[in-house]
Amino acid sequence: TQLLEQSPQFLSIQEGENLTVYCNSSSVFSSLQWYRQEPGEGPVLLVTVVTGGEVKKLKRLTFQFGDARKDSSLHITAAQPGDTGLYLCAGAPGNQFYFGTGTSLTVIP
Amino acid sequence: SQTIHQWPATLVQPVGSPLSLECTVEGTSNPNLYWYRQAAGRGLQLLFYSVGIGQISSEVPQNLSASRPQDRQFILSSKKLLLSDSGFYLCAWTRDYQLYNEQFFGPGTRLTVL
């Protein structure tokens, strides 16, 4: 059973465009994390959201946790080639972490 | 600060050979430790996790096993590798903030079984 569904799976955009990645579940999570992974490397934690409705900003990246703590979104403003990578969301109802299917983003210069 | 190491970084093994991947964490004590496998460009599949020495939980039945001989050491093993064992193996540990946890990953091991 896949608890976390991410959309879109693949995204290719031009430099300077905006984009949003979604992470959805029917389950409630106590927290949700977003990671970025580059080829051949381990995922790097970008942010953790804990409170329903919470919004966090990391430079050009905006993360939002749904009011019911079942979903989250990642919005990137004015994408740069350095944003290219695999974006993963993960929810942790307990000791285990459940990962989304991932969104592969390519930003074309 | 905490760091997590994995080795080897890459490995090419013939079918039927044994496997041993090692993960160690520095700068923390009694961490929860995890082994994941990742197919190319996709999400992570949890293989094993451990909450303490000698305590292993298996999520997916397969020909892999895990052991935790020391507090900050986690080992992934196999007696006989299959072609389907090829993939990118990631070790992770969690930081406990009481109300929530955060997970941090090692650099990974690329395993190719021929």
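Counting only residues that are within 14 Å of chain A (Cβ to nearest Cβ) and free of Cβ contacts under 8 Å to residues at least 24 places away in the same chain, segment B:62-87 holds 0 of them.
Scanning segment A:37-52 for residues being more than 10 Å from every other protein chain (Cβ to nearest Cβ) and under 19 Å from B:Gln6 (Cβ atoms) gives a total of 1. When you scan segment B:88-109, how many residues do you find that are part of a strand (DSSP E or B) and within 7 Å of chain A (Cβ to nearest Cβ)? Selection size over segment B:88-109: 6. Every test in (1) over 27 Å from B:Thr3 (Cα atoms); (2) within 8 Å of another protein chain (Cβ to nearest Cβ) is passed by A:Thr101 save one, and that test is (1). Of all the listed residues (A:Glu17, A:Glu38, A:Glu5), the sole one being touching a residue at least 60 places away in the same chain (Cβ under 8 Å), out of contact with any helix residue (DSSP H, G or I) (no Cβ under 9 Å at 6 or more places or on another chain) and within 22 Å of B:Gln38 (Cα to Cα) is A:Glu5.
Being of a type outside the set (Asp, Glu), within 28 Å of A:Leu86 (Cα to Cα) and at pLDDT 95 or above is a property that B:Pro31 lacks.
The set of residues from segment A:63-94 being within 12 Å of chain B (Cβ to nearest Cβ), farther than 12 Å from A:Tyr35 by Cα and in contact with a Phe, Trp or Tyr (Cβ under 7 Å, 6 or more places away or on another chain) comprises A:Arg69, A:Ala92, A:Pro93. Just checking, how many residues over segment B:1-11 are aliphatic (A, V, I, L, M) and surrounded by 12 or more Cβ atoms within 10 Å (Cβ to Cβ)? Total satisfying the criteria: 2.
The values are calculated or read from the model by the stated rules, or taken from the named source; none is laboratory data. Note that the coordinates shown come from a computational prediction; the quantities given were computed from them, not determined experimentally. Heads up, the Cβs are rebuilt from the backbone with ideal geometry, glycines too, and the neighbour counts pull from every protein chain shown.
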